[in-house]
Each structure stands twice: as structure tokens, then as C-alpha cells.
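Below is one structure, written out as C-alpha cells; the observations come after it.
What follows is calculated from the coordinates using simple rules that are stated; it is not laboratory data. Computed from a predicted model, the values in this text were never measured in an experiment. Reconstructed Cβ throughout: ideal geometry from the backbone, glycine too, with neighbour counts over all protein chains shown.
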Amino acid sequence: EENQFYEAIAGFLREIGVAVPAICDHDPERGLILMEDLGDEDLFAFRSAAREIRRTLYEKVLVLAAKIHAFPPGRLPAGLRLMPAFGPELYRWERDYFREQCVRKACGIELTDGEDEALEAEVAALAVRLHETPQSLVHRDFQSQNVMILKGEPVLIDFQGMRFGSPFYDLASLLYDPYVDLSEEERATLLEFYFDLSRSTYGWNEFKGLFLLASAQRLMQALGAYGFLGLERGKSHFLAHLPRGLDRLIDVTGRLESFPRLHALARRCRAAIEKQ
């Protein structure tokens, strides 16, 4: 369904100054779009570049994110169709995806009913807090392989899942991306760059806390996807990202005081993967 929204969302993003591929032709009846060739370099390709080069690129990407997040919801073009907004049901689906595809299928861990209920009570509170933050337009899959680099400038792709949600979710997708090893110093510097850019109404400490909450949520979704794509779809290379994704989740939940069960489960999954 969301692929039907691509052309209209591309036009909208271009109007607000966010670089996207040019649409050359569109045949909605056949579900075909002919678009600009952006080459082969994405942000992921710069994962081993010199720190200053990488920082410059990430800052440019965050400027695009800020443009999307700052767009007033009331000014959205009439008739622009988006996927349903983030809410309790979608957050719950992501948590269940993690438990089914990553914990149970990829890691071979069967939670007891009691363990599952206790975990759900813990992580449900995470979703409530994210849903309470001011909602904005979000890309939804804002990671390094969905940002092409053309002549040194970022161009966003795979934005057809755009919807309303917490902007912290996009920040988490980019800065805790399991595909790229950002140092803690780099991550903190880039988060502060966005904080200044966004003129957030939150204080810095609360802002960082919400970023960590969103990171835990996003990492659960990503880990579920790696398990699903690797095992259900036969794309085994996605399974190679499980260890790094679990390391990220261990790190994030270790910085949050309210998620001991999720932290323990992530460590348990990491140990199970290590033994495979």
C-alpha cells in the first residue's frame, strides 16, 4: 500500500527543500515508477571514512531530518496520503515482531508466560512515553542505506512509509543504526547538533532520555526485521547484523534505569547468538 504514496510524498518533500530522486515517469496502474539514478554511494558507504568527512555528511542528513520534523502538520497538502501514524498498536506490533522473529526464531529463546507478561508491562511504558512526545512527520526508516550521497549531498530514498510519529524515532534510526559503528563521542556530538538545530522545548537531559527510549523501540523493530528477512525470506546476510543490533540494544537499555528485563533479554539473546 505505502508504495502507492511514493510519487506524491516525493513531490511534497521536494517542495519543502528535502532532496529526493526526480520522478521521470509513473504508471500507477502497473505500479511502476521511473526515477533518477542516484548512483551507488549511500551514507553506509562512508562508514569507514575519516571522522570529519563522516560528521559533515551526517550533519547534512540531520538538517534534512529537521526540515521534515519541523513541518507544521496543519499545512500538509490536502489529499497527501500517508501511512497510519505511530500509536500504541504500531509500537506493540514492533515489540511483538522483535519477540517472535528475533528472540524466538533467530535466537531460539522461548519466554515463559510470566516472563513475557513482565517484559510487556515494562516495554509498553516505553511506547506510552514516546506517544506523549509532540508528534511530527517522520521518515520511519531513516538509516544509512536509505540516504544516497550525490556529489557530496544527501538525497533521501525509501520514504514511502512516512507518517506522523515521534521525531526521536528517526534520530534513533540514524544514530543507533546497526549498520554503522559510530563512536559514543560521534553519536553525542551529532545528537547535540540536532538538538541545537531543532530548538527543542525539552532540556538537554530529557532530550537525551527520550532519544534513548526511541532507540530501544527502534532497535527492537530492526532486530525483528533482521530475523524475519534472514529466516523467513531467505536473505541470510541480514542475520549477520543481529550481534551488532543486540549490542546496541544492550548499550541503550543499560543507560536506562526502567528496563532491566529488556536489558537482560538482550544480553540473553546475544549469548545465544554467540553459541550458534
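To one decimal place, what orientation-averaged projected area in nm² is obtained for the convex hull of the Cα set of the range 1-155?
Values: hull surface 50.3 nm².
That works out to 12.6 nm², a quarter of the Cα hull's surface.
Can you compute 3J(HN,Hα) from phi for each residue in the range 199-204, using the Karplus curve 6.51 cos²θ - 1.76 cosθ + 1.60 with θ = phi - 60°, rounded to whole Hz and x for Gly and Pro?
My calculation for the range 199-204 gives 6, 4, 7, 7, x, 4 Hz in order.
Which of D25, D181, D158 moves the most in a Gaussian network model of the chain with Cα springs under 10 Å?
D25
What range in the chain is the longest one free of trypsin sites (Lys or Arg not before Pro) that are in a loop by DSSP and have at most 12 other Cβ atoms within 10 angstrom? Let's see the in-between values first.
Values: sites that count: R30, R81, K151, R199, R233, K235.
In the chain, the maximal stretch lacking such sites is 82-150.
What are the ³J(HN,Hα) values, in whole Hz, obtained from phi via the Karplus relation 6.51 cos²θ - 1.76 cosθ + 1.60 with θ = phi - 60°, for each residue of the range 118-125 in sequence order, with x given for Gly and Pro?
With the stated coefficients, the range 118-125 comes to 5, 5, 4, 4, 6, 7, 4, 5 Hz.
Taking every pair of Cα atoms in the range 177-276, average 1/r, invert it to obtain the Kirkwood radius, and report Rg/Rh to two decimals. Write out the running numbers ahead of the final one.
On the way: Rg = 15.0 Å, Rh = 14.7 Å.
Ratio value, two decimals: 1.02.
Please quote Rg/Rh for the chain to two decimal places, taking the Kirkwood radius as Rh and restricting both calculations to Cα atoms. Mind dumping the intermediate values first?
Working: Rg = 18.6 Å, Rh = 19.5 Å.
Radius of gyration relative to Kirkwood radius: 0.96.
Between beta-carbons, use under 14 Å as the cut-off and find the net charge around G230, counting Lys and Arg +1, Asp and Glu -1.
Values: positive: R104, K105, R233, K235, R244; negative: E100, E232.
My count for the surroundings of G230 gives +3.
In whole Hz, what ³J(HN,Hα) sequence does the range 223-238 give by Karplus (6.51, -1.76, 1.60; θ = phi - 60°), x for Gly and Pro?
5, x, 5, 4, x, 5, 5, x, 9, 7, 9, x, 9, 4, 5, 5
Report, by chain and number, residues whose modeled amide H sits under 5 Å from the one on H26, excluding near sequence neighbours (fewer than 5 apart, same chain).
Close amide H contacts, sequence-distant or interchain: L34.
What number, rounded to the nearest 500 deg cm²/dmol, is the helix-based mean residue ellipticity at 222 nm of the chain, given -39500 (n - 2.57) per DSSP H run of at least four residues and division by all its residues?
Details: 9 runs with 138 residues, N = 276.
The per-residue figure over the chain is -16500 deg cm²/dmol.
Which whole-percent values make up P(r) of the range 196-243 when all C-alpha to C-alpha distances are grouped in 5 Å steps starting at zero?
5, 20, 18, 14, 11, 9, 10, 9, 4
For the range 220-276, compute Rh as the Kirkwood radius over C-alpha pairs and then the Stokes-Einstein diffusion coefficient at 25 °C and 0.890 mPa s; write the answer in µm²/s, rounded to an integer. Each step should come with its number before you reach the end.
On the way: Rh = 11.6 Å.
Using the Kirkwood radius from Cα pairs, D works out to 211 µm²/s.
Going by amide H atoms built from the backbone, whose H comes under 5 Å of the H on R163, apart from near neighbours?
V138
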